[in-house]
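Rule-based calculations on the coordinates, nothing more; no lab input. If you're wondering where the values come from, they're calculated on a predicted model, not measured in any experiment. Note that we place each Cβ from the backbone using ideal geometry, even for glycine, and neighbour counts take in every protein chain shown.
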Amino acid sequence: MNDQISIEPLVSIIMSVFNEEKYVADAIESILNQTYQNWEFIIINDGSIDGTESIINQYQDHRIRYFYQENMGLTKSLNKGIALSQGKYIARIDADDRSLPTRIEQQVNFLENNITFVLIGSYYYNVDISTMILSISKPVISDKNCRKKLMFGKTHFLHSSVMFKKEINGEIMRYDETFKHAQDARMWIHLATKGQIGILPEILVVALTKRPSSITINRNNFERLKSSLRYSFIAFQEFKVSMLTFPIAVVIIFLKRIASLIVSTGISPYYYQLRKFIENKNYINISSSDIPNLWNGKKESKL
């Protein structure tokens, strides 16, 4: 769709990558295969020491802007990408996720036609690469419900599914660099103070999840608990909600994290699959050879 290409790209797609040689090629190709073409793709190599750089350099599309840096972490890398960007909208993708072909087109159309919205996500396929179970995640959609989830320590925005306005009332949207974890949720809260947020009821992204070790699970649950409590408190403040109900949010967040910890560290490996079944009964088993077809959008109509 060459008629969509202009000097100034409407969308800046930002990806920070660290040691993702197994996945980065498919992530790049999922962007190159978009039906909407007026974009720039800013790829920041955050100090990778594997073959990531050589893979990225194989792609010579003039819209890809590649930068290498010493390791700075995700939050600072994303802010660097935003600072380098030229687009009206910022779209995110991680190296181990994939955008289905119409993702950018549908999100651009929505934001251009719904000017009160500043952030939009989507439904997505979730592929557990340890069990090869595929589930379809259909998060809450409305602005009201998205805000409520953030207040109670939960974000249903898959980071790789979002598109948001880069500049609002003269302010450039930036990630809070004091957040090592949950920098995305902190950003969504800030954006929600600027306009409406929501999720398109369309499956536009494929996300990969890797089953962590029990040690990682314990660490992640502890860090996620701290992050959830922190951005929940911020959401109550910035959404101007009575702090009298904040203790209720604290209790709910604790109970959810405890339940997650119990299930994640169960003595049987089947606990993990049981959790996936409980969270989303709409799943099918797929083989690794099926994933490329899914990423190309060939299996969507069958699910």
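At-a-glance table
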read-out	value
Amide N proximity, the stretch 39-55 versus E21 label position 7 Å along Cα-to-Cβ, cut-off under 12 Å	48-55
Protection proxy ranking, peptides 116-122, 68-74, average beta carbon neighbours within 10 Å, highest first	116-122, 68-74
Within straight-line cross-link reach of K180, aspartates and glutamates at Cα separation under 19 Å, skipping those fewer than 8 residues along the same chain	D46, E70, D94, E223
Relative packing of 101-114, 184-197, which averages over residues the other C-beta atoms within 10 Å, highest first	184-197, 101-114
Exceeding the 26 Å Cα-Cα cut-off - candidates K76/K154; K138/K256; K76/K166; K154/K194; K76/K256	K76/K256
Per-residue HN-Hα couplings for the stretch 189-196 [Karplus 6.51, -1.76, 1.60; θ = phi - 60°; Hz; x = Gly/Pro]	4, 4, 4, 5, 7, 9, x, 7
